[in-house]
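Please treat every number below as a calculation from the coordinates, not as lab data. The structure displayed is predicted, hence computed values, not measured ones. Cβ atoms come from the backbone with ideal geometry, glycine included; neighbour counts cover every protein chain shown.
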Amino acid sequence: MVDVPGGRQPPLPPPDHDPARPESGEQDAAVLAVRLAHAERLGNMGWAEWNLHTGDAVWSDQVYVIFGRDPADGPLGLPDLAGYVEPADLGALDQLLWTVVQGIEPVQAEFRIRRAGEMRNIRVVLEPLMAPGGPIGVHGVVQDITGRRRAERIMSESRRQLLEARERAAEERAVMLAMREAILPEPSSCLALPSTRIAVRYVPAEKTANLGGDWFDAAALPDGRVLLAMGDVSGHGLPAIAHMAQLRHALIGLAMTREPADRLLGWLNELVMHRLDETTATAVIGHLDPVTNVFTWSQAGHLPPILVRDGAAELLAQPRGVLLGATGEQPYHLASVRLKEGDVLLLFTDGLVERRTRDIDEGLALVVAAAAGLPARDLDAGLDHLLTAIGGPNPEDDACLMAVGVGP
């Protein structure tokens with residue numbers, strides 16, 4: 001052991017000490033610098049300092065990236081920033097610099113610069129470095145926010161387009177509903193029929209694109225019988241409504257021939273097959289004799305009416321009949337039922353029973369159960385209650401309902 005003055009021994013270095021390795025403080029500084037550079041890259045931001053007395057400037061690496069400037073060329077002085085800024089934004093830069101050199105408080109501004117011919121949006125936050133005689137420098141943070149502004153513009157344009165689409169959809173909906181109202185009879189016109197009470201509901205789909213070709217008709221014929229009809233044309237929108245109008249108007253004319261319902265459906269089938277291209281339709285057509293109360297009807301691929309009697313409801317046994325427009329070779333058949341005073345017939349389209357969330361048989365059973373509560377007299381209130389009982393209107397398809405009460 002070597003003696004030293006005073007007899008004291010020098011402290012021994014730690015076992016793992018290596019004079020060639022940096023001290024822990026230097027290690028911490030290096031790690032911090034790496035982390036800071038990583039944060040700057042992730043945030044696309046950097047820092048800068050400008051000396052107001054000497055004009056010297058210091059930039060972090062990311063500021064060079066933001067301005068597209070070669071580090072070998074050195075940083076820009078505060079007055080030289082104007083050469084990068086879009087002329088329309090120079091006022092914002094001037095206001096920023098004037099405010100910060102007053103040494104009042106940190107200030108920020110956003111402006112556009114040109115980088116290699118590309119427009120970039122940057123935000124600059126500057127803070128004066130104060131001394132007893134006033135500000136001696138400026139510290140700043142520069143961030144490239146081009147991506148954020150681009151996303152905001154895209155969102156703004158998307159909102160604008162969505163608003164326009166909603167306005168167009170509302171206009172289209174208004175037009176289609178107006179067309180339907182012009183085509184279909186007013187429910188009030190169906191009430192003054194001999195020995196019957198009739199209530200009708202048309203329930204449009206919530207979505208404009210799903211407004212379809214559901215239709216109904218109820219009218220007294222010259223021979224004293226009452227025509228009751230309901231149908232649904234395939235498809236949605238204006239084409240379906242146009243086809244519905246042709247089909248219903250054709251039935252109005254054909255009904256004047258006094259032919260039975262199966263013959264009327266046969267003629268309508270010919271019309272669909274030869275005049276309404278790429279279209280199919282369902283329909284129920286019946287005649288109610290007010291003297292005998294016999295309802296004679298035929299159907300083409302349509303759900304059968306529901307008979308409500310003495311507080312019970314059941315689907316009528318339906319005669320054979322294929323979809324309109326499917327084939328011209330299969331005949332339509334007739335069925336009949338004698339109604340009693342107080343009975344209610346419910347005709348409806350499939351939009352009443354179909355839901356995406358449930359099987360059609362489940363929906364049909366639900367409607368039959370709800371129909372049992374239809375009163376013989378206050379049919380309007382009864383239809384409102386039925387719609388509530390089955391869960392309200394179908395948001396994805398429109399529906400027609402017609403309740404016919406027999407007797408005075």
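Please list, ordered by chain and number, the residues whose modelled amide H lies under 5 Å from the amide H of LEU52; skip anything fewer than 5 residues away on the same chain.
Amide H neighbours of LEU52: GLY137, VAL138.
Treat every Asp and Glu Cβ in the range 22-144 as -1 and every Lys and Arg Cβ as +1, leave all other atoms uncharged, and give the resulting dipole magnitude about the Cα centre to the nearest 20 debye.
Approximately 340 debye in magnitude.
For the chain, with the dipole built from +1 on Lys and Arg beta-carbon atoms and -1 on Asp and Glu ones, taken about the Cα centre, which of GLY351, LEU364, ILE252 lies farthest toward the positive end?
Farthest along the dipole direction, towards plus: ILE252.
Taking Cα centroids, how far is the range 111-136 from the range 368-408 in Å?
The two parts, judged by their Cα centres, are 71 Å apart.
Can you give the local net charge around ASP343? Use residues other than it whose beta-carbon is closer than 13 angstrom to its beta-carbon, Lys and Arg +1, Asp and Glu -1.
Net charge in that neighbourhood comes out at +2.
For helix 237-255, report the angle its Cα long axis makes with the longest principal axis of the Cα atoms of the chain; keep it between 0 and 90° and round to the nearest 10°.
The angle comes out at about 0 degrees.
Roughly how big is the chain's charge dipole about its Cα centre, with Cβ charges of +1 (Lys, Arg) and -1 (Asp, Glu), in debye to the nearest 20?
Using Cβ point charges on Lys, Arg, Asp and Glu, the chain gives about 960 debye.
By per-residue mean of other Cβ atoms within 10 Å, what is the highest-first order of 110-121, 159-170?
Taking the mean over residues of other Cβ atoms within 10 Å, the ranking is 110-121, 159-170.
May I ask you to order 252-265, 235-248, 74-87 by the average number of other C-beta atoms within 10 Å around their residues, highest value first?
235-248, 252-265, 74-87
Please report how far the C-alpha centroid of the range 228-254 lies from that of the range 284-345, rounded to the nearest whole angstrom.
19
According to the square roots a ≥ b ≥ c of the eigenvalues of the Cα gyration tensor, what is the shape class of the chain, taking rounded for a/c under 1.5, prolate for a/b larger than b/c otherwise, and oblate for the remainder?
Taking the square roots of the gyration eigenvalues as a ≥ b ≥ c, the chain is prolate.
Lys/Arg Cβ at +1, Asp/Glu Cβ at -1, dipole of the range 22-144 taken about the Cα centre: which of GLY140, VAL58, MET45 is farthest positive-ward?
Among GLY140, VAL58, MET45, the one farthest towards the positive end of the dipole of the range 22-144 is MET45.
Just rank VAL322, VAL294, fewest to most, by other beta-carbon atoms within 10 angstrom.
VAL294, VAL322
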